[in-house]
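S.K.: Pasting in a structure now, in structure tokens, and then I'll have a few things to ask.
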Amino acid sequence: MRTLKFRAWDGLRMTTNGICFINTTGTINGEVFGVGGGIEKMPIMQFTGLLDKNGKEIYESDFLMETEYKRDEYFTYTVKWDNGRYVAENNQYPHRYRETDCFDCMVLVGNIYEYTEFENE
């Protein structure tokens, strides 16, 4: 059984504290208890249940990089939920995907909130 874990981007850093789900429609919508007990809407990301080549946990919206380069190019990918499964979409060539069985040969290099420079590389 896969471990269900979530994290949220609070505008400055990732947090796993105070995540509260408010939707029962099957979509992941959430709010996070902010500093001082207030509730703020923040992006929620789910743990994929997978680890990268170095054993780091992979979440939705993470950037992965191939560890083997081809033709002197390193490709980066963004982890997304697509048609009932996680995939890594190639940032250089949209709509080209890597399946989850390849995630363990890739390296986690960041996420879309903290490292936007990988988004279009």
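The values are calculated or read from the model by the stated rules, or taken from the named source; none is laboratory data. This structure is a prediction, so every number in the text was calculated from the model and none was measured. Counting neighbours? That spans all protein chains shown, and the Cβs are built from the backbone with ideal geometry, glycine included.
S.K.: Confirm whether Lys80 is surrounded by 13 or more Cβ atoms within 10 Å (Cβ to Cβ), modelled with pLDDT of 90 or more, outside any strand (DSSP E or B) and not hydroxyl-bearing (Ser, Thr, Tyr).
M.R.: no
S.K.: May I pose another question? Looking at (1) modelled with pLDDT of 90 or more; (2) in contact with a strand residue (DSSP E or B) (Cβ under 7 Å, 6 or more places away or on another chain); (3) assigned to a loop (DSSP other than H, G, I, E, B); (4) under 23 Å from Trp9 (Cα atoms), find the lone condition where Gly55 falls short.
M.R.: Going through (1) modelled with pLDDT of 90 or more; (2) in contact with a strand residue (DSSP E or B) (Cβ under 7 Å, 6 or more places away or on another chain); (3) assigned to a loop (DSSP other than H, G, I, E, B); (4) under 23 Å from Trp9 (Cα atoms) one by one, Gly55 breaks only (2).
S.K.: On to the next question. Look at Glu66 and say whether it is surrounded by 13 or more Cβ atoms within 10 Å (Cβ to Cβ) and modelled with pLDDT under 80.
M.R.: Taking the combined requirement at face value, the residue does not satisfy it.
S.K.: For the range 84-112, which positions are modelled with pLDDT of 85 or more, surrounded by fewer than 17 Cβ atoms within 10 Å (Cβ to Cβ) and either among the aromatic types (Phe, Trp, Tyr) or at positive phi (or both)?
M.R.: Gly84
S.K.: Tell me, yes or no, whether the range 91-98 has at least one residue that is hydroxyl-bearing (Ser, Thr, Tyr), part of a loop (DSSP other than H, G, I, E, B), free of Cβ contacts under 8 Å to residues at least 24 places away in the same chain and farther than 17 Å from Arg13 by Cα.
M.R.: yes
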